[in-house]
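In what follows, a structure is listed as structure tokens, so that the remarks can point back to it.
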Amino acid sequence: MTERVLNLLLVDADQVFRLGLRFWLERFADLEVVAEANSQAAVLEILASPGRQEALEPEPEADLPMAAPPLPKLDLVILDLDLGASDQGQGLSLCQQIKAQQATLPILLLTARQDIGSLMAAFDLGVEGYCLKGLEAATLVEVIRQVAAGQKYWEPELQALILESRELERQSSTENIATLPSPSRPSIRLRYNLWVSGMQEMETVLASLNAQLQIPTLTWFERAFIAGRRREILAARWLVTLLLAPTAPTVANAAEPPGAIPANLSQMLAESEADQPRAISSGSDLFYPGSAGLETRFRRLKSSLFEATLTKLQTSLQNLTGQPLEIDILKQEKKRELFYIILRKFEDILDELRFSQVTSVQLAEKRDKILQDLWREVTADFFGKYYTLLLQKRSAKEVVQEVEIVTALLREADVVQAAILNKIPLVVELLDYLLFQTPLVVDNHSFPVGSAAAMRQAEVLLQNLLIQVANGVIQPLLNHFADVEVIKQNFYNRRLISTREIERFRNSLSWKYRVRRYLIEPTEIFESQFGLLVLGDRGLEKYAIYAPRDPELKQLTGVRFAVTLALETRDAVSPPLRSAIAFVGKGVVYVLTQVIGRGIGLIGRGVVQGVGSSWQDIRYSRKGQQQK
């Protein structure tokens, strides 16, 4: 006897994701996707179709035309909570309706959302399973079988967190706010009730967020996202208290409720640092009057800078620079994943530098090693340390060799260092700003530490670092494994997946390096500027900053030096040449308009007058003849 086939319904707004998941599940004989839907209405229509709650075979009806057979009975609904960008509650609403119609039909949430509020609501509705879209494919298959069999799959830490949050919510509603004295005056009581209800809800959310921050398995990105939400709630709590907190004596003299609001917002936001892991301060840490220590300032600078960059990564990553980049070959999600990995590894390197007590002077000496270590760690993490390729001959099916891709890519360290990493500007200045809180000198200006202008310039430098390191990770891949089918399927943009497009793309990159080396770089050196790549609102854009580059200018030779001479010659010759051309042009215009033009005008006028006189003479002669 064969194992019973499990009938699955896929519900996801992303058609490409559904197609990929369906293609993967078709590899397993016991799993079959019998229907797909991209909206709440489509799912409800499928559930209401004839025979949905009946047996597998429809009842025959005589003398009726043959209709499409009903879908077999479902064993599992695989559902994404984000069914519509305009209505984030569609997924939860659909879960509620499915459970209302078919309480025994299991639901597995396969979603990218991790906010505790939505997951708590889904858990309370009786949803049987939850996992993230980034789960390994083999593990996902086992989860599908487990949930379809009637078992539950919720991560133990997440389930414990939900239960703990429910308990905190119960205690908050029954103990904390309830102990506050109620004001007697009606005018104050309304404000008091609004304040209490708002405080109660925000305290519950804060308790939930604090509990999430205690989960040791959180990634850096998840921890930064939760910490950001916590700061938003803290700011909202301060604002609500400022606007609604009663000032009557009965309330003002009452015992301060748990989580009372500080007197100003800056103190409130500073509380968010309490949940962040704190490193051991070295003996060289400096403390400034009225400010936190160097270690805390370092973490605040790093947190603000990285969160701003993460926000930019949520926007489009389309290349708008007009020149090809190595990362253009990647799928959009792979490109974003690579940037996330670089951010995480760069943070680890910052912490290591902090703990190693490296000095500001040593940063310049270690710059190349820092960038190469970052490139190596990102390469190993992005492709997988043990990712192996089986390379085959074109004429035969026999395996030629088994290649560990990361090992092969890391052999190109010197090439990547010379072509890309060494050309990343102002890395030492960025590290100095973050680690030692020195003013950031960019674009011929010195920006004070922590100022908005300094943060904007630091974002530009960090974004350029991200993009250039990402290009460095992909460059050796294109040099050695560009046309390997497995690589193309897993990493490449579908528009660039054919051999012809790949070769055309590589040729464009090769031409870009030549143009940049012999034309663009000498021009930038001569003009005392650096060309950077940044994350704009619509995609990757160019950005130029001023920087003195006299030592590099003195080292230029050959064609590159000739380019600067050509630029200088153009600058020297261009003004007088333009003046001469303008003078000659004015003379030509004068001759054409004042001399030749007027002459032609006079001739034309004479011709017209002669024709008019002749016409008049003819008319008079005719009239005279008629009178005779």
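Descriptive notes on the structure:
- When the pairs 152/331; 99/334; 73/334; 334/542 are compared against a 31 Å limit on Cα-Cα distance, 152/331; 99/334; 73/334 fall above it.
- For residue 529, nonlocal amide neighbours, meaning residues 5 or more places apart or on other chains whose placed amide H falls under 5 Å from its own, are 547.
- One chain, two ends: residue 15 and residue 609. Fully extended at 0.36 nm per residue, the span grows by 205.8 nm beyond their Cα-Cα distance.
- Residue order for 359, 104 - accessible surface, 1.4 angstrom probe, largest first: 104, 359
- Given 366/488; 133/385; 133/369, the pairs whose alpha carbons are separated by over 31 Å: 366/488; 133/369
- Efficiency of FRET between residue 559 and residue 414 - r from beta-carbon atoms, R0 22 angstrom, step 0.05: 0.40
- Estimated FRET transfer efficiency when R0 is 41 angstrom, pair residue 101-residue 369 (beta carbons, to 0.05): 0.10
- Among 443, 75, the order of accessible area from largest down is 443, 75, computed with a 1.4 Å probe on protein heavy atoms.
- Model label points for residue 236 and residue 201, set 7 angstrom from Cα along the Cα-to-Cβ axis, are 0.7 nm apart.
- Note on exposure: 352, 337 ranked by accessible area (1.4 Å probe, complete protein assembly) read 352, 337, with the most exposed listed first.
- Within region 327-370: backbone nitrogen closer than 17 Å to the residue 501 label point (7 Å, Cα to C-beta): 327-335
- Using R0 = 35 Å, the C-beta based FRET efficiency linking residue 579 and residue 552 works out to 0.60.
The values are calculated or read from the model by the stated rules, or taken from the named source; none is laboratory data. Worth saying up front: this structure is predicted, and the values here are computed from it rather than measured. Cβ sites come from the backbone with ideal geometry, for glycine too, and all protein chains shown count toward neighbours. For the accessible areas, the whole protein counts, side chains as well, though only heavy atoms, and no ligand, DNA or RNA atoms are used. Shrake-Rupley method; radii C 1.70, N 1.55, O 1.52, S 1.80 Å.
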